[in-house]
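The values are calculated or read from the model by the stated rules, or taken from the named source; none is laboratory data. The shown structure was predicted, so the numbers you read here are calculated from the model rather than taken from an experiment. Cβ placement follows ideal geometry from the backbone for every residue including glycine, while neighbour counts extend to all protein chains displayed. Heads up: the accessible areas ignore ligands, DNA and RNA and are worked out on the full protein's heavy atoms, side chains in. Shrake-Rupley method; radii C 1.70, N 1.55, O 1.52, S 1.80 Å.
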Amino acid sequence: MTLFLLLDFCSFPWWLSWLLPFLLGLALGWALWSKYKSIAADLEGQVSSLNGNVTGLNGDIKGHLHNIAELEGDIAIAKGRMREAEDALAECNKKIGNKSGGTTDGNSKNSNITSSLAGAAAGATANVAAESSKGKSTKTAKGAGKFAALKPGNLQIIEGVGPKMEEVLKENGVKTWSDLSGKSSEALRGILDNYGDKYKIIDVTTWQAQAKKAADGDFEDLVTMQMSLDGGSANTLSQSDSKLQKHLVKIGAIKQYKLDDLKAVEGIGPKIEGLLKAAGINTWKDLSESTSDKIKEILDAAGSRYKLADPTTWPKQSEMAFKGQWDELREYQDFLNGGRE
């Protein structure tokens, strides 16, 4: 019997004695792997969420920095106005002091005031006459018709100059086209650098040439020049309506845009209009109902040269055109720079 058991044990396959521990180890390893895989997946999800939060915070920081830059510019403008007000107040106090220390005769006071007003009027008349005489008969001929209503002090016909920029220039003695044409790019850059970071990215290189054409009465040449500009800088993407043209529309000197002319939107020229129409955006209503992301996809698909175009404001502009809100559209476009806020 003992011999039988010994023989039976010896005939038992040796590898079976290792199979059970191996299977148990394999099961344990799989359980541990599954557990730590789940933990790793949770950690990856948390990292992804944190990355998203970081991206959002970076965007918020960028937005706040932009707002700070704008506020710095507004503060600088406000300080300039305060200086002007203080100077005006000092001048008024000086005049009051002179009057109180002088004669008290009513007729004499009236005479002084009348003389001052007459002198101011004469000076203003002389300034207007001097400005009008520049270019002599040539300027009169060039400035006739639709350009006759233009005023030398309207700096906003210069591509790249909006309401705030006009205030900045006039606070620094640049009050007419002639004044602006006499300023070099370096001098203009020096003025703008005093008004905060948001003015440092503005391109002033074409302002002198634009103002020279306006001062000389070469308005047709100015329109042609501006059609190749974007916010005052050279525009290689397409041609668009000039700042001067838009001003002429605003004062009623030229006709309004044709119905559903997409070029009424600042930032859209003939080539981009063609791209939009090829993509099914044919009217102001179509454009107003399109998202800026969809428009950006159309532009990106057309090639790298259109990737710099910013369609963010295009739906809003086209909605105003569709609703016939031309005054609101012109005021809004005055604050845009090449279609960008």
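Contact map, the range 49-74: first residue open to solvent by 70 Å² or more (accessible area, probe 1.4 Å) and of a type outside the set (S, T, N, Q), second residue assigned to a helix (DSSP H, G or I) and modelled with pLDDT of 70 or more, Cβ cut-off under 8 Å, separation 6 or more or different chains; pairs are H66/K198; E70/K198; E72/Y195; E72/D197; E72/K198. One residue stands out among those in the range 260-285 that are free of Cβ contacts under 8 Å to residues at least 24 places away in the same chain and surrounded by fewer than 18 Cβ atoms within 10 Å (Cβ to Cβ): the one that is nearest to E159 (Cα to Cα), which is K263.
For every residue, the table says whether it meets (1) open to solvent by 40 Å² or more (accessible area, probe 1.4 Å); (2) at pLDDT below 90; (3) among the aromatic types (F, W, Y).
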{"position": "K164", "(1), (2), (3)": "yes, yes, no"}
{"position": "K198", "(1), (2), (3)": "yes, yes, no"}
{"position": "I202", "(1), (2), (3)": "no, yes, no"}
{"position": "A211", "(1), (2), (3)": "no, no, no"}
{"position": "G217", "(1), (2), (3)": "no, no, no"}
{"position": "A234", "(1), (2), (3)": "yes, yes, no"}
{"position": "L248", "(1), (2), (3)": "no, yes, no"}
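When restricted to residues that are outside any loop (DSSP other than H, G, I, E, B), surrounded by 14 or more Cβ atoms within 10 Å (Cβ to Cβ) and hydroxyl-bearing (S, T, Y), the range 293-341 contains 3.
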